[in-house]
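The values are calculated or read from the model by the stated rules, or taken from the named source; none is laboratory data. Bear in mind that the values here come from a model prediction, so they are computed numbers and not experimental data. Here the Cβ positions follow ideal geometry from the backbone for every residue, glycine too, while neighbour counts run over all protein chains shown. We work out accessible area using only protein heavy atoms, side chains counted, and drop any ligands, DNA or RNA first. Shrake-Rupley method; radii C 1.70, N 1.55, O 1.52, S 1.80 Å.
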Amino acid sequence: MVQLEAFVRIEILERRSYICKGCICMNKKTKKDFLWIILFLIVFINGFEAGGYQASLWTIGKDFDLSMTSMGLYAAMELFATMLAPILLGGWADRSEKNKCISLMLIIQISAAVLAFLTTSNNIFLVSVFFLGLTTSALQFISIAALADAYPISGGKKVAYITTMYASGALVAPLVVDFYLRHNLGWRTLFAILAAGSILTLTGIVLSGSGKREANAASDSSQSSGDVFVLSGILLLGVIMCIYVGFENGFTFFVDTLFTDVLKSSGGKFALSLFWAVMIPSRFLVGRFSGHAKKILIGAIVAIPCTMLPLSASANPAVVMLLCVPLGLASGAIYPSVLTIMLPLAGKRTATATGIITSATGIGGVVFTAMTGYMADLWGMRFAMLALVSFFAISLLAALIVTRKA
């Protein structure tokens, strides 16, 4: 009789345990996962900030009576902060819960955007731009790392796809800037929009929670090579991104000036949007065909200088506008290809690896953007843009080496 009672009690406990486990599984299934949406939105807003600041630079320069060199330095201030963020924050992000890191960066970004919107002082404006660059850079690499960590199965494709959001934001921004400038709202409107968007994403990241959304894909060798961190490969990818982003910023910050001052055309903002627009399908295709990222990367590196040669030589605004299409397609393929190649080389240090690459982009942005403005003052905008693409010979060499390591 005692044995029978013990058996019944054990049976009841097992049933209760089964029911509880079932409830937990149901809760997990019914709880909607929207973390990836918030991370995508953060990167979209980063792109919007970059494209909006690029489209506003000429107007800001006229308002503050800046020379080409000074405009290049104004652009370089943000990019200098972009370079510093991964150096200062990469290790911290790997050691900490990434959602909390993102929340803190969003709070600082909101404060900087509000300051940029309200101030009339040049110096305070530059300080706010510095912190905007710092936070957008940190949000970029921490969001990508958080995406890869939370989705170990689909992370490779999601990382490639998330770069389309950056391009989408940069595409929309010049059109929005052109719209509100034509309606006499002023260039400071950009920072009001940025603050509102950051408040929205801060709310979303707090509500989304933390932790992995997918089971760990330990057997998927295409996503990670375990604990191995291949520093030499990451540094070579950094060289590629340094040169590419240096070119991209030199082109995008000054393409409106090229159209306005050299080609005597008002189509600069549309050309900038077109350049970013064609990046979207390019980056989507890299995500779709991520297995061919190495070949795509080498092809894109070759295509950019081949396109810039006729673009810089043309005096026809329509031809320059048309050449922005292949230039954008090739440019759009580089970033997602680099990130896809990076994942097997990063091991478990995804934030550090992404941070190194992001830091390299900041170095390229600072040096090449300032150099573009300086060369444009000395020798003209055409020569300045043509000089930028000569560095892609180094990128090609780095790509050929790293694709053998990955």
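Determine whether segment 91-101 contains at least one residue that is of a type in the set (Asp, Glu), open to solvent by 40 Å² or more (accessible area, probe 1.4 Å) and touching a residue at least 40 places away in the same chain (Cβ under 8 Å).
yes
Does segment 215-231 include one or more residues that are in a helix (DSSP H, G or I) and modelled with pLDDT under 90?
yes
Condition check: of a type outside the set (Phe, Trp, Tyr) and closer than 22 Å to residue 81 by Cβ. Does residue 341 satisfy that?
Spelling it out, it is not the case that residue 341 is of a type outside the set (Phe, Trp, Tyr) and closer than 22 Å to residue 81 by Cβ.
Among (1) free of Cβ contacts under 8 Å to residues at least 24 places away in the same chain; (2) within 18 Å of the chain's Cα centre (by Cα), there is one condition residue 387 misses while meeting the rest; what is its number?
If we test residue 387 against (1) free of Cβ contacts under 8 Å to residues at least 24 places away in the same chain; (2) within 18 Å of the chain's Cα centre (by Cα), just (2) comes out false.
Do you know which residues across segment 149-175 are among the hydrophobic types (A, V, I, L, M, F, W, C), part of a helix (DSSP H, G or I) and open to solvent by 40 Å² or more (accessible area, probe 1.4 Å)?
Correct list: 165, 172, 175.
Is at least one residue of segment 116-131 among the aromatic types (Phe, Trp, Tyr), under 30 Å from residue 243 (Cα atoms), touching a residue at least 24 places away in the same chain (Cβ under 8 Å) and in a helix (DSSP H, G or I)?
yes
Go through segment 301-345 and give me each residue that's of a type in the set (Gly, Ala, Ser) and closer than 16 Å to residue 361 by Cβ.
Once the filter is applied, which keeps residues that are of a type in the set (Gly, Ala, Ser) and closer than 16 Å to residue 361 by Cβ, segment 301-345 yields 331, 332, 333, 337.
Taking helices (runs of 4 or more DSSP H) that do not extend beyond segment 302-406, which have at least 3 residues that are open to solvent by less than 20 Å² (accessible area, probe 1.4 Å) and at pLDDT 85 or above?
Passing ranges, in order: 317-346, 350-379, 392-405.
Residues being in contact with an Asp or Glu (Cβ under 8 Å, 6 or more places away or on another chain), among the small types (Gly, Ala, Ser) and assigned to a helix (DSSP H, G or I): count how many of those fall in segment 41-74.
1
Do we find a residue being at negative phi and part of a loop (DSSP other than H, G, I, E, B) anywhere in segment 75-84?
no
Taking segment 264-294 as the search range and keeping residues that are more than 22 Å from residue 365 (Cβ to Cβ), at pLDDT 85 or above and outside any helix (DSSP H, G or I), which one is most open to solvent (accessible area, probe 1.4 Å)?
The qualifying residue most open to solvent (accessible area, probe 1.4 Å) is 264.
Within the set of pairs 6+ apart or on separate chains, which have a first residue in segment 149-168 that is farther than 13 Å from residue 343 by Cα, a second that is open to solvent by 20 Å² or more (accessible area, probe 1.4 Å) and among the charged types (D, E, K, R), and C-beta atoms under 8 Å apart?
So the pair list comes out as 150/212; 150/213; 150/214.
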